[in-house]
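This report concerns only the one structure given below.
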Amino acid sequence: MKLLLNNIEDAVDQKYLVVKSLRNQAEAGTVIHIMGAQTGNDGVTVNYRVMKTGQDYSCKFADIKQFAKWASADSFLARYQDNLTPSDIKQYIKVCDTSFMGSGGIPILASIGVILLVLIIMCIASVIQWWQLLIGFVCIPVIIYFGVTTFYKRKRNKVMSKIYSKVSESWGGVVLR
C-alpha cells in the first residue's frame, strides 16, 4: 500500500520501508517506525527507530518530497519482513519502484534504439522503397515496445509470486494455486 503524505505529522506511528540508504543509519530494505516528526524553517526532522536493531535515529530532510524519496509507506513489508531475506526485500523494492517503467521509459528507449538502427540500415541500403520505410518506422518500434513491456510485466509478476509464496509458507493449511 502506498501512502500520499500531505503533512509530515501524518507519518508518525507508521512503518516505512527505507528505499535509499543513509550513511551510518538505515540501510535500504530495512523497515523503520516513525516515532516523531517536526516541520521547521530549515526542513523536516524525522525521529525513527530501525525495527530490526531497535536503534533510534534522527534525520533532516529539505521537504516532504525528500522524505518520500528516502522511505516509502509499505504495509506489506512491514507485516512480513521476518519471512523475507534481504535479497527478497531488495527485489521487491526494484519491482515496486515503477517510476521509470510506469512512465514507459524502458520501452521508449528500446524503440528509439531500434529506430536509429533501422535508420542506419536504410541509409546503407538506399534502394528501399517508401512502403518498406513506412513498415520499418511504424511496425518495428511498436512490436518492440509491446515486447519489452510484456517482458518487464512478466518479470515483475514472477518476482511478486515468489515473494508471496515465501510469505504464505508460514500460514499453514492454506493451499495457493
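Before moving on, here are some points about what is shown:
- The protection proxy used here, the mean number of other Cβ atoms lying within 10 Å of each residue, ranks peptides 34-43, 12-21 as follows, highest first: 12-21, 34-43.
- Estimated FRET transfer efficiency (Thr85, Arg23; beta-carbon r; R0 25 Å; 0.05): 0.60
- Residues of type lysines that Lys20 reaches as a straight line, Cα spacing below 23 Å, ignoring anything fewer than 8 places off in the same chain: Lys2, Lys52, Lys60, Lys65, Lys69, Lys90, Lys94, Lys155
No lab work stands behind these numbers, since they all come straight from the coordinates. Since the structure is predicted, the reported quantities are computational estimates derived from the model, not experimental observations. Don't worry about glycine lacking a Cβ; one is built from the backbone with ideal geometry, like all the others, and counts go over all protein chains shown.
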